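Just so you know, all these numbers are worked out from the coordinates, no wet-lab data involved. Quick caveat, the model's predicted, so the values are computed rather than measured. Positions of Cβ are backbone-derived with ideal geometry, glycine not excepted, and every protein chain shown enters the neighbour counts.
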Amino acid sequence: MTVRIDIRENTYYDSVTLMALTQKMAAHPGVTEAVAVMATPMNKDLLAGVGLLTAAADAAGADDLIVAIRAESDAACEAALALFAGATARRAEDKKTAVSFTSLDAAVRHLPGANLAVISVPGEYAAREARAALRNGLHVMLFSDNVSLADEIDLKTTAHEKGLLVMGPDCGTAIVNGVALCFANAVRRGNIGVVGASGTGTQEVTVHIDRLGGGVSQVLGTGGRDLGAEVGGIMMLDCLAALSKDEATGVIVLISKPPAPSVADKIVAAIQTCPKPVVVCFLGGANAVGAGGTYFAATLEEAARAAVALATGDKPPSQACSHEKLATMATVARAKLAPGQHAIRGLYCGGTLCQEAARTAPGEGHIFIDLGDDDYTKGKPHPMIEPSLRLPYILEAARDPSVAVLLLDVVLGYGAHPDPAGVTASAIVQAREIARAAGRHLEVIAYVCGTDADPQGKAGQESKLAAAGATLAKSNARGAYLAAAVVSREV
């Protein structure tokens, strides 16, 4: 086994770019571990965790780039580094024809009409750049994570006072004036405005709006901590206020994990004064109609259905899917199970989709894992970018004699892997064969979060999963309901 560490002083690339480059190196034959990161203290810890932190890497400064490779041979190491060098050289050539600036202030002087800054820099520098953007009168989409809670509160308080928005930190999804930012899907324009404190939760709602024939006016993110007691829902409230005045928005959807009770009270109070219909999906809540026609949805799909109905002047449906039909579908699969098979194993790329599934299919013995959580992405790209990271977990679940259902999400859209279903399909085939060889049936239920207009194409992705033997769900929640029915849980 060979290890090669390459340190490039005063060389910066954003995290999304480095994730993509890491993916290219890791896919090269013979490479067992590949990491490309800025030399921040946190990233050095990640390198140490995978056994790639050398003395030279430890001595690198935060403005330096570390490329670390572990491979089966010197040749494989050199080939992976050549891939990295080639990709960065092409980026350098592209930059020669592009206009670049040494500071945000200089960029604003060159583009005086700009009103939004997308910031993706290491967390310790992100707040500084966000403050510069606010100082220049720009709204901010803060893709960066690892921003302190104190900085988030200060940034959002400042933005509120200036009448600006700070979407984030760790905001991965937005669609502003029809332009998809970061991890978003290709959906049609319309009159439904969406405010989400979660990225994949927002994606799930917007793709269902699109499938149902509706469209979005604006899709705004808040960052996952916004509805906590400390931040107090500053951005959720400001985004709600902005959309309530937006002439292109007729219906508003609010999405979040359960907020702090004090924040929930503030949001509900603000909704009562909103002149437009509002659909609220605080995951784990129940379907209900509140004062002023406010609709509280239990699942992300139900939120989308309610919004589309309200946008066309109809009443929201009481139930998004037929549980009776799902129960009938589950009967065939349940009959194939061997004694002792009773558990659901959910292996998710989307954190909010994982949480929704866990809440939709509760019970003892089930395991739901968000593989995009920091604990699983140390020194590695996010599984939405590199779905092969999930494959060992799929095979591990197949070897567990208690597992009856394997529940998977496949998230499409800009920024995601070009063929996540293709990468996953081979592992599904292998997993089902492992179970079959042990005298068991493994029911694989997969949901594709995306549209046919996405770069990957939803229909093609679904066909690959179906060919591998997966049962396709029409929504994330329906997949969880079906899994629960297979293991004889009430739905």
message: If neighbour count is taken as other Cβ atoms inside 10 Å, put Cys281, Cys182 in order from fewest to most.
response: Cys182, Cys281
query: Straight-line reach from Lys315: which aspartates and glutamates have Cα under 18 Å away, leaving out those fewer than 8 places along the same chain?
result: Glu301, Glu302
All lysines inside 20 Å of Lys458 as judged from Cα atoms, apart from same-chain residues fewer than 8 positions distant: Lys474
query: Between Thr312 and Gln430, what length comes free when the chain is fully extended (0.36 nm per residue of separation minus the Cα-Cα distance, one decimal in nm)?
result: 37.9 nm
task: May I ask you to sort Arg128, Arg334, Arg305 by Cβ crowding, counting other Cβ atoms within 10 Å and putting the fewest first?
output: Arg128, Arg334, Arg305
Length released on extending from Asp373 to Ser148, taking residue separation times 0.36 nm less the Cα-Cα span: 79.2 nm
field: Computed helical MRE - 222 nm, the chain, DSSP H runs ≥ 4 contributing -39500 (n - 2.57), nearest 500
entry: -13000 deg cm²/dmol
task: Filter the GluC sites (Glu not before Pro) in region 205-305 down to the DSSP loop ones having no more than 15 other Cβ atoms within 10 Å, then list what survives.
output: Glu230, Glu247
- prompt: Using only Cα atoms, what Kirkwood radius does region 2-96 have, in angstroms?
  reply: 13.2
field: Charge sum, other residues only, whose C-beta stays under 15 Å from Ala79's C-beta, Lys/Arg counted +1 and Asp/Glu -1
entry: -2
message: Looking at the calculated P(r) for region 119-245, what percent of the C-alpha pair distances fall above 25 Å?
response: 19
- request: Could you work out the local net charge near Ser402, counting Lys and Arg as +1, Asp and Glu as -1, over the other residues with Cβ closer than 14 Å to its Cβ?
  value: -1
query: Taking a point 7 angstrom from the Cα of Ser463 along the C-beta vector, which residues in region 401-436 have backbone N less than 15 Å away?
result: 421-422
Extension gain from Ala438 to Lys474, taking 0.36 nm per residue of separation minus the Cα-Cα distance: 9.9 nm
field: ³J(HN,Hα) computed for each position of region 469-484 - Karplus, 6.51 cos²θ - 1.76 cosθ + 1.60, integer Hz, glycine/proline x
entry: x, 7, 8, 8, 9, 7, 7, 4, 5, 5, x, 5, 4, 5, 4, 5
- prompt: Cα extents of region 338-397 along the three principal axes, largest first, in whole Å?
  reply: 38, 23, 15
query: Say the dipole of the chain comes from +1 at the beta carbon of Lys and Arg and -1 at that of Asp and Glu; which of Cys354, Gly228, Ala127 then lies farthest toward its positive end?
result: Cys354
message: How big is the chain along each principal axis, measuring the range of its Cα positions in Å and listing the largest first?
response: 61, 61, 37
